[in-house]
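The values are calculated or read from the model by the stated rules, or taken from the named source; none is laboratory data. Keep in mind that this is a model prediction, so the values were computed, not measured. Cβ atoms come from the backbone with ideal geometry, glycine included; neighbour counts cover every protein chain shown. All accessible areas refer to the heavy atoms of the entire protein, side chains included, with ligands and DNA or RNA removed. Shrake-Rupley method; radii C 1.70, N 1.55, O 1.52, S 1.80 Å.
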Amino acid sequence: MTEDTKPPAAPDHATQLRNAYAMRAASYAHMFDVLRERYGTETALDIGREATRRLGEAMGVKYAAHGPDDLAGLCHAFLDGIPNRDSMFAPEIKRCDGDALEIHFHRCPLKEAWQAQGKSDEDLELLCNMAGAIDGGLFEAAGFVFRGETWKPGDEGCCRLKVLPGPKAA
């Protein structure tokens, strides 16, 4: 085979992962836009949050062994389960003790993809809010209380996760 006929090299894992997040971001954005056109912003946001929350609930089952109060175990299991987490999300553990787990994500491939799509700050805030419902579903399904915040214009980075111990089983 000559250089002219050689098939192109497959993208590396990091590029493939970033492309997958970009496709997920585009999917969320298109669904949100269609829902907003048909039903208005608030209904679109409610439906989008419910859908992403349900996805989080399905994912949260694998962390239930840490509930309701093993925040250190949850922290390690959760962060260790994120592929390319440092380059894609740049998480900073702000607190991890018996009372709270706080993680600030300094990057987000979804938000970065929406920015590359030219979304306004107003739409970024709405899309982050919609997509961020996944975290509430995940941590609450695992038996914890979730009090995180999604990105807003003027914020540095992206989501700020705050997880508290859940209620003890009776």
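Residue count for segment 11-30 under the criterion of being touching a helix residue (DSSP H, G or I) at 6+ places or on another chain (Cβ under 8 Å) and surrounded by fewer than 16 Cβ atoms within 10 Å (Cβ to Cβ): the result is 4.
Of the residues in segment 83-103, not one is of a type in the set (S, T, Y), in contact with a helix residue (DSSP H, G or I) (Cβ under 9 Å, 6 or more places away or on another chain) and surrounded by 20 or more Cβ atoms within 10 Å (Cβ to Cβ).
Summed over segment 117-147, residues that are assigned to a loop (DSSP other than H, G, I, E, B) and open to solvent by 30 Å² or more (accessible area, probe 1.4 Å) total 5.
Scanning segment 69-82 for residues that are surrounded by fewer than 20 Cβ atoms within 10 Å (Cβ to Cβ), of a type in the set (A, V, I, L, M) and within 18 Å of the chain's Cα centre (by Cα) returns A77, L79, I82. Across segment 1-60, the qualifying residues are those that are among the hydroxyl-bearing types (S, T, Y) and modelled with pLDDT of 95 or more, and the one among them that is farthest from S87 (Cα to Cα) is Y39. A single entry from R49, R53, R36 fulfils the requirement of being over 30 Å from C96 (Cβ atoms), surrounded by 15 or more Cβ atoms within 10 Å (Cβ to Cβ) and not hydrophobic (A, V, I, L, M, F, W, C): R36.
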